Every structure is written in structure tokens, then in C-alpha cells.
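In what follows, a single structure is set out as C-alpha cells and then discussed.
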Amino acid sequence: MIPSDAQSSGARSHDKRLLIFVVASLLLANVVQWAVCRVLGWGNPGSIKGLVFDFVHVRQWTESWLPMMKSLDYFQANPTQPIYAAKLYDTLIYPLASLLPMVFLRKLGVSDPVMLRILAVSSWLAVLGVVAMSLALARRLLRERDATLTWPSAIAVVLACLGCYPLLKGFSLGNAQTFLSFGFVAMLYLWTTGRERSAGVVAALLAFVKPQYVLLLVWMVVRRRWGAMWAFLACSVVVLAMSIAVFGWHNNLDYIGVLAGLSHKAQSHFANQSMFGTINRMIFNGENLGYTPHVYTPYIPWVYRVTVLTSLLLVGVVLLFPWGKLRGSAADIAAMGLASVAASPMAWEHHYGIVCGIFAWVWFAHGCWQKQRPWLLGLAFFLTMNFLAATNLLADRHGWNVLQSYMYFGALLLLGLLMRMAHRVTRGTPSPCL
């Protein structure tokens, strides 16, 4: 048993190092990268500057909001017609239950411009919510070892979250993922504090926006976390009943066909940080730097099969790992959530906004207590939290353009670290040096 004063000293010895690392990471990705490219005559690679301005001014696009609102318009004008068959400027890819908040706002007489403003402010608050929940998670984990959250550590967490490219990207786009990033860190906090039923409810709400999070339910069954499982199912029954009451059985069932179609089509744009995107970019199949809405990458059977195989392998390894007594630790559920994103054939950059909460948990639960420097954790952080736009200069280089998938590979590295931690928890031994 380590004395509490020694534990506090151990945590304090890392707080300034954490702040220096976060600042250095942001400078390297957004200043040094830009300067090197300009000096070498490679042009402006890009940075998060525009995204930061969007956030400061609460300004965003309507990537998720407009298809959702137009779908409601179509349903109100054609109540007997299938919603997913509507010809919109962009397709609706979310379950209909995700539209229920908009239905409620319209019942209150909220106009579309006002609704868009409400969504913008709400998602802006969700970003701040990620910051607040990450700080709360850090404080909770430190208190368990009789340590306190110092100002350098707190500032580091704030800078890391507000400088997180996937999180800011989701906000700037006006994408529902911003709420999912907040929901995920909230779920992780609840799980860490022992409120597994509440975490199960949050997990169910996540799945009603992004269906791949239903893997969290599968994980709960495999890990025998029955309280969380029943809470997930109970919440799902209530939400689904509400969706059926509003949109009818037929429209809700039609989403099964939408999911089946999405599994066969995705896009090879560099922002798709998945195995599907990686392979297609490597063989120059489909778009890379350019982006055309509604245009999907030409279907190649072997690419589809490899994508499915690697996705099943990734999810299967996480579900079956660690072998032996499966305890369902926080590292374990974080790994399952991250695998749910990485295994998808369409894992856009902003989908990785959930890593903010994961890194907060990893650092304050394990990283800050290690004697050795956590190089692998630092590398995973740098790859998944930043916009390394210079890799797009390799888009037309055979073999080298695999580096465009830096965020995907960073997520796999982080996944491996989480699984190691889960394995140590199962064995009841201290966490290894990261």
C-alpha cells in the first residue's frame, strides 16, 4: 500500500509534464507543421484555427441538422410515405428516434431558424460538457488515491479538449457526434463511479443516434453486467415506443434496410479514418482529397470482405479480451466504445471525439502514476487528437498514403493500451508502464 503523501507527490510530479506535453502537441500539430510546409514550399497544410474561430463564435454548418429537419418536413407533408425514401439534399442516416427532440421543439412552435440556433448553442455547451466531465473524471480518480487535481493538470485537460481536432470538427460541421462525445465521457464517468445502470441508460441513448454503439449492450452481456444491460434494454424499449408512436412501425423498421445499405457503401475520403478508407486510398479507388456528396466509393468485393473481416476481428478480440474472469472495468468499456467506432466502415474524424474522455481516464487512472514516461500513450494522444494535414501531401504516393490514416492507427494503439489495462485489472495486478 503506497502512502497517500507519496501518491500525491507522484501525481504532482507529472502535472507540469502533462501541461508541457499538451501545449507541445498543439504547437507541433498546428504551428510547427504549418511552418515546415511553408518553408519547404508545400503550401498551407491547414490547422484547427478555423475550427477554433467557429467554436468561439458559436458558428457551425448543418451536416446533421438539415437532413433531420428536412426528413421531418417530408413526414409531415407525406405521413403515409416512407421517410427514408425521401429525396433530400442529403440522406438521413440516423434512427428516427434521434429526431424526437426536434419533434418536441416543433410541438412547442419553435421555428427552423430558432431550432438551428438552439442546436448550435446546445452542441457548443456539449463541447464544454466534455471539458467539465473530463475534469470531474480526473478529480474523482485522483481523490481515490488521496490526491488533488492541480492547476497545471486542470489547464492541460481544458487545452486538450478545446484543442481536440475531432471534437471541434464535429461541432463546426453541426454534427450530432458532438452530443455523442459528451455522452460517452458521461457514461465513462458513471461507470467509474459505480453507477452502472445510469451508464447503461446513456449507452442506450448513444445507440439511438449511432447504432454501432449497440455493441456496448453486447459487451454488457458478455461481461455479465446485468444491471447495466437491463437499464440499456429498458431505456431502449421506452425510446423505441416513443419513436413508433410518432413515426409508425413501418418507418422504424425501414431503418434496417438503411443499415444494410450503409454496410456496403462508404467513402474513401481521407477523413474516413477506417480500414475501408485506408484500403481504398491505398489502391486509389474513389475520392481522396476531394469530396462529392452522394458519391460513394465504387464497390470492390474483396475490399468489402477485408473490411468486414477486420471489423469482426477487432470487435471479437475486444469482446473476448481479457481472457479469464471478465470484470468489465472502465478500461474495458472504453475499449469497446472505441472499437465500435474504429470497426465501422465509415469512421469520420469527428467520430473519434470520444477519445477526450478516454485519455482523461487513462492518464489520471494510470498514466500519472507510472515511473516511466508513457511514450505509447503520448503517441496515441498525438495521432488521435490532432489534424496532421501534411499527410495529405502523400495522397498520390503508392504505399505512403497509408499515413493518411494516422488517426485510425492512433485509435488502434490506444485500443491496445486499454486492453492491456483491462487485462491487468482482471489479473488483479498493478498497471504496467504505458
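Quick notes on this one:
- Solvent-accessible surface (1.4 angstrom probe) belonging to Arg143, in square angstrom, nearest 10: 150
- Relative packing of peptides 186-197, 56-67 - highest average C-beta neighbours within 10 Å first: 186-197, 56-67
- Efficiency of FRET between Ala85 and Asn392 - r from beta-carbon atoms, R0 45 angstrom, step 0.05: 0.80
- Packing-based order for 160-172, 209-221, using average beta carbon neighbours within 10 Å, highest first: 160-172, 209-221
- Cross-link reach list, lysines versus Lys210, counting only Cα pairs under 21 Å and skipping chain neighbours closer than eight places: Lys70, Lys169, Lys265
- GNM top mover of Ala380, Ala132, Ala85 - the chain, alpha-carbon springs below 10 Å: Ala85
- Alpha carbon centroid spacing (whole Å) that separates segment 95-143 from segment 193-270: 18
- With all protein chains kept in place, the per residue accessible area of the chain amounts to 45 square angstrom at a probe of 1.4 angstrom.
- At least 27 Å along the helix axis (C-alpha) and Kyte average at least -1.0, DSSP helices within the chain: 4-27, 112-143, 226-247, 301-320, 406-427
- Modelled FRET efficiency - R0 25 Å, Trp400 with Thr292, Cβ distances, 0.05 increments: 0.55
- Close amide H pairs (under 5 Å, H built 1.01 Å from N) link Trp348 with Gln273, residues at least 5 positions away or on another chain.
- Length released on extending from Leu108 to Phe284, taking residue separation times 0.36 nm less the Cα-Cα span: 58.4 nm
- Measuring r between the beta carbons of Leu128 and Arg327 and using R0 = 35 Å, the FRET efficiency lands at 0.60.
- Estimated [θ] at 222 nm from DSSP helical runs (n ≥ 4, -39500 (n - 2.57)) normalised by residues in the chain, nearest 500: -20000 deg cm²/dmol
The values are calculated or read from the model by the stated rules, or taken from the named source; none is laboratory data. Predicted model only: the values in this text are computed from it and were never measured. Glycine also receives a Cβ, built like all others from the backbone with ideal geometry; neighbour counts cover every protein chain displayed. Ligands, DNA and RNA are stripped out before the accessible areas are found, and what is left, the full protein with its side chains, is counted by its heavy atoms. Shrake-Rupley method; radii C 1.70, N 1.55, O 1.52, S 1.80 Å.
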